[in-house]
Amino acid sequence: MHNIDELNSIMNEADCLISEAELNDALDKMAKQITNDLADKLPLVICVMNGGLLPTGALMQRLQFPLELDYVHASRYGMETTGSTLNWTRYPQADFKGRDVLIVDDIFDQGHTLEAIIKWFEENGAQNVYSATVVNKLHNRKVDMRPDYNGLDVEDRFLFGYGMDYQGYFRNLQGIYAVKGK
Ligand SMILES: O=P(O)(O)OC[C@H]1O[C@H](OP(=O)(O)OP(=O)(O)O)[C@H](O)[C@@H]1O
Ligand SMILES: Nc1nc2[nH]cnc2c(=O)[nH]1
């Protein structure tokens, strides 16, 4: 159980790196690019829980063409995990074989999570796998691939808000924040 005063002080002292207005602009631009590429493809959109929940909702409401929605839950076991070792707690239920799939997540950090999820869909029969993230963290500890669509670059700090959590909290915030000093 967390202490509400501690959580509130984390939020009050945090630096807001990306405002709601900046997020909305970036999402508008991503949605235009995705519409150009996928509007006639009947894609399956995959939300990567939990962090992908807000970004997927925000993107979906900007995509005015026929699409289907499903979700997966796959996380890295721990920070020492390398490569594509993911702990899957929910596989997709929709039929994605031979289809165009768009994976949506909140952040492209080192990229192991997204890379492994894309590989899984490709190996299991998706025709084309696209990926979209709201933010890309700037550092050089990344896998080789990059998301097809990314909203904004952000500095290399511990972030929360807009899908990302601080100790399980604050995924709901309409901006992206960095913990003070981290
Ligand atoms: O690019 P990477 O270095 O692989 O990190 C990015 C992943 O980390 C977070 O998920 P996490 O596994 O913490 O689970 P969550 O979505 O439930 O927060 C985030 O939502 C991405 O999926
Ligand atoms: N909450 C949170 N989750 C992450 N997953 C990968 N990078 C981050 C980050 O900066 N914040």
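The values are calculated or read from the model by the stated rules, or taken from the named source; none is laboratory data. Quick caveat, the model's predicted, so the values are computed rather than measured. Cβ atoms come from the backbone with ideal geometry, glycine included; neighbour counts cover every protein chain shown.
Of the residues 133, 81, which single one is within 26 Å of residue 177 (Cα to Cα), within 15 Å of ligand 1 (Cβ to nearest atom) and modelled with pLDDT under 95? Steps first, please.
On the way: 133 fails: modelled with pLDDT under 95.
Being within 26 Å of residue 177 (Cα to Cα), within 15 Å of ligand 1 (Cβ to nearest atom) and modelled with pLDDT under 95 holds for just one of 133, 81, which is 81.
Scan region 20-40 and report the pairs whose first residue is part of a helix (DSSP H, G or I) and whose second residue is polar (S, T, N, Q), with Cβ atoms within less than 7 Å and a gap of 6+ or a chain change.
Once the first residue is part of a helix (DSSP H, G or I) and sits in region 20-40, its partners that are polar (S, T, N, Q) give 20/174.
Just give me the residues in region 106-130 being away from ligand 1 (no atom under 13 Å from the Cβ) and in contact with an Asp or Glu (Cβ under 8 Å, 6 or more places away or on another chain), in sequence order.
Within region 106-130, 126, 127, 128, 129, 130 meet the criteria.
Residues of region 110-145 being of a type in the set (D, E, K, R) and in contact with a Leu (Cβ under 9 Å, 6 or more places away or on another chain), which ones?
Within region 110-145, 137 is the sole residue that qualifies.
Filter region 130-161 down to the residues that are within 10 Å of ligand 2 (Cβ to nearest atom) and surrounded by 21 or more Cβ atoms within 10 Å (Cβ to Cβ), then identify the one that is farthest from residue 53 (Cα to Cα).
159
Condition check ((1) near ligand 1 (Cβ under 10 Å from one of its atoms); (2) under 21 Å from residue 34 (Cα atoms); (3) β-branched (Val, Ile, Thr); (4) out of contact with any helix residue (DSSP H, G or I) (no Cβ under 9 Å at 6 or more places or on another chain)) across all residues:
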residue: 68; (1), (2), (3), (4): no, yes, no, yes
residue: 76; (1), (2), (3), (4): yes, no, no, no
residue: 97; (1), (2), (3), (4): no, yes, no, yes
residue: 150; (1), (2), (3), (4): no, yes, no, no
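Can you name the number of the only condition in (1) away from ligand 2 (no atom under 12 Å from the Cβ); (2) more than 12 Å from the chain's Cα centre (by Cα) that residue 104 fails?
(2) is the only condition that residue 104 fails.
I need every pair where a residue in region 118-131 that is under 10 Å from residue 96 (Cα atoms) has its Cβ under 6 Å from the Cβ of a residue that is surrounded by fewer than 13 Cβ atoms within 10 Å (Cβ to Cβ), sequence separation at least 6 or different chains.
125/97; 127/98
Identify the single condition in (1) surrounded by 11 or more Cβ atoms within 10 Å (Cβ to Cβ); (2) not in a strand (DSSP E or B) that residue 46 does not satisfy, given that it satisfies every other one.
(2)
Please specify each residue of region 54-75 satisfying the condition of being in contact with a Cys (Cβ under 6 Å, 6 or more places away or on another chain) and either in a strand (DSSP E or B) or not hydroxyl-bearing (Ser, Thr, Tyr) (or both).
Passing the criteria: only 71.
If only one of 59, 53, 38, 7 is more than 19 Å from residue 171 (Cβ to Cβ) and hydrophobic (A, V, I, L, M, F, W, C), which one is it?
38
Go through region 27-38 residue by residue and tally those that are surrounded by 17 or more Cβ atoms within 10 Å (Cβ to Cβ) and within 25 Å of residue 155 (Cβ to Cβ).
Result for region 27-38: 3.
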